[in-house]
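The values are calculated or read from the model by the stated rules, or taken from the named source; none is laboratory data. Just so we're clear, the structure is a prediction, and the values are computed from it rather than from any experiment. Here the Cβ is made from the backbone with ideal geometry for all residues, glycine too, and neighbour counts use every protein chain on show.
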Amino acid sequence: MRAEKIVGWESYPKGKRHTVSGDVRVFHGLPSPQLGNRRDILVYLPPSYQASQKRYPVLYMHDGQNLFDDATSYVGEWHVDEIMEDLAGEGLEAIVVGIPNAGVKRLDEYSPFKDPEYGGGEGETYLRFLVETVKPLIDRDFRSLPQREHTFVMGSSMGGLISLYAFFRYPEVFGGAGVMSPSFWFGERGSFDYAEAAPFVPGRLYMDVGYKESTLSNVGSRRYLADVRRMHRILQRKGYKEGNYLYVEDKQGVHNEADWARRLPAALRFLLGVG
């Protein structure tokens, strides 16, 4: 079936260099009035999208370069498109929106907390871009379910940090968050005080960590694991428990896209309400 034409959106290129599966669209150079920059926005559409008039939940994912295409990834892709195609066979379908990072500005945009060595501090502005510019575009152009209970945010490392922050910062927008190998060490560990003080938000939380995490920071795997366990205890005290919260420790897990891709199907089954 021929892909439906949606004004402003092009079909993602396919060919020898590209590894995209399914129906992926791209909006080139979306301007951010909040951040003063531009970036392409990627959208994966479920297999049944063209043949139905259904509306779908939406998952917003950071580091969009790494989600669908090995040709654009700088460290390997997550295979989100292939994973979603497989999950559709289980009756689990969603629109996935990939927001590419801003390169050298990535650390700045993915943390509301400033780090004395690495930067940060523009996380609030980045989330305004996501909530005020990207989400309205998606809800206008695609058959989304725009309500918070059908809207999710997800990322890894710094993307995990900003995803958990987004869940508490915009409870009226996001009904769930996927927090993979989160970099809670960043910004002098400001995430802990923020999470402690934030009111309980109804919804679904997924968080994981590997025993062999390794990052660009001087934080070793043992300290990294301890930080995530500390946040796990905070979330439990806030009332997140079995049913609305899934926490996973991966004994073989390292800090890379291959391991996040390996854990992604179970995370999505939980977040989107199947597992």
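Could you grab me the full set of residues in the stretch 54-94 that are in contact with a Gly (Cβ under 6 Å, 6 or more places away or on another chain), without any contact (Cβ under 8 Å) to a residue 40 or more places away in the chain and in a helix (DSSP H, G or I)?
Step one: filter the stretch 54-94 for residues in contact with a Gly (Cβ under 6 Å, 6 or more places away or on another chain), giving 61-64, 67, 81, 85.
Imposing the further condition that a residue be without any contact (Cβ under 8 Å) to a residue 40 or more places away in the chain reduces the set to 64, 67.
Of everything in the stretch 54-94, just one residue is in contact with a Gly (Cβ under 6 Å, 6 or more places away or on another chain), without any contact (Cβ under 8 Å) to a residue 40 or more places away in the chain and in a helix (DSSP H, G or I), namely 64.
Regarding residue 29, is this residue of a type in the set (Gly, Ala, Ser), under 16 Å from residue 260 (Cβ atoms), at pLDDT 95 or above and outside any loop (DSSP other than H, G, I, E, B)? For residue 29, the condition - of a type in the set (Gly, Ala, Ser), under 16 Å from residue 260 (Cβ atoms), at pLDDT 95 or above and outside any loop (DSSP other than H, G, I, E, B) - is not met.
Pick from 228, 173: which is outside any strand (DSSP E or B), modelled with pLDDT of 95 or more and more than 24 Å from residue 115 (Cβ to Cβ)?
Values: 228 fails: more than 24 Å from residue 115 (Cβ to Cβ).
Testing whether each residue is outside any strand (DSSP E or B), modelled with pLDDT of 95 or more and more than 24 Å from residue 115 (Cβ to Cβ) leaves just 173.
Inside the stretch 95-117, residues that are farther than 22 Å from residue 138 by Cβ, of a type outside the set (Val, Ile, Thr) and either out of contact with any strand residue (DSSP E or B) (no Cβ under 9 Å at 6 or more places or on another chain) or assigned to a strand (DSSP E or B) (or both) make up a count of 7.
Could we say that residue 138 is surrounded by fewer than 24 Cβ atoms within 10 Å (Cβ to Cβ) and of a type in the set (Val, Ile, Thr) here? Yes; evaluated as a whole, the condition is true for this residue. Summed over the stretch 205-223, the residues that are at pLDDT below 95, out of contact with any Ser or Thr (no Cβ under 7 Å at 6 or more places or on another chain) and of a type outside the set (A, V, I, L, M, F, W, C) give a count of 5.
Can you go through 201, 173, 179, 228 and tell me which one is under 24 Å from residue 66 (Cα atoms), out of contact with any Gly (no Cβ under 7 Å at 6 or more places or on another chain), crowded, with 16+ Cβ neighbours inside 10 Å and not charged (D, E, K, R)?
Working: 201 fails: under 24 Å from residue 66 (Cα atoms); 173 fails: under 24 Å from residue 66 (Cα atoms); 179 fails: out of contact with any Gly (no Cβ under 7 Å at 6 or more places or on another chain).
That would be 228, the only listed residue that is under 24 Å from residue 66 (Cα atoms), out of contact with any Gly (no Cβ under 7 Å at 6 or more places or on another chain), crowded, with 16+ Cβ neighbours inside 10 Å and not charged (D, E, K, R).
Tell me whether the stretch 250-257 contains one or more residues that are more than 18 Å from residue 84 (Cβ to Cβ), modelled with pLDDT of 95 or more and among the β-branched types (Val, Ile, Thr). Checked the stretch 250-257: no residue is more than 18 Å from residue 84 (Cβ to Cβ), modelled with pLDDT of 95 or more and among the β-branched types (Val, Ile, Thr). Going residue by residue through the stretch 132-151, is there one that turns out to be of a type in the set (Ser, Thr, Tyr), over 12 Å from the mean Cα position of the chain (by Cα) and in a strand (DSSP E or B)? Yes: one or more hits.
Is it the case, given these coordinates, that residue 152 is without any contact (Cβ under 8 Å) to a residue 60 or more places away in the chain, closer than 20 Å to residue 268 by Cα, crowded, with 16+ Cβ neighbours inside 10 Å and touching a Gly at 6+ places or on another chain (Cβ under 8 Å)? Outline the logic, then answer.
On the way: without any contact (Cβ under 8 Å) to a residue 60 or more places away in the chain: no; closer than 20 Å to residue 268 by Cα: yes; crowded, with 16+ Cβ neighbours inside 10 Å: yes; touching a Gly at 6+ places or on another chain (Cβ under 8 Å): yes.
No; evaluated as a whole, the condition is false for this residue.
Here's the yes/no breakdown for (1) surrounded by 15 or more Cβ atoms within 10 Å (Cβ to Cβ); (2) of a type in the set (Phe, Trp, Tyr); (3) at positive phi; (4) touching an Asp or Glu at 6+ places or on another chain (Cβ under 8 Å):
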site	(1), (2), (3), (4)
27	yes, yes, no, yes
40	yes, no, no, no
52	no, no, no, no
60	yes, yes, no, no
67	yes, no, no, yes
75	no, no, no, yes
78	yes, yes, no, yes
94	yes, no, no, no
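Among residues belonging to the stretch 245-275 that are in a loop (DSSP other than H, G, I, E, B) and under 18 Å from the mean Cα position of the chain (by Cα), point out the one that is surrounded by the fewest Cβ atoms within 10 Å (Cβ to Cβ). If you could, list the steps in order and put the result at the bottom.
Of the residues in the stretch 245-275, the ones in a loop (DSSP other than H, G, I, E, B) are 255-256, 272-275.
Those left that are additionally under 18 Å from the mean Cα position of the chain (by Cα): 255-256, 272-273.
Working: 255: 21, 256: 18, 272: 20, 273: 13.
Result: 273.
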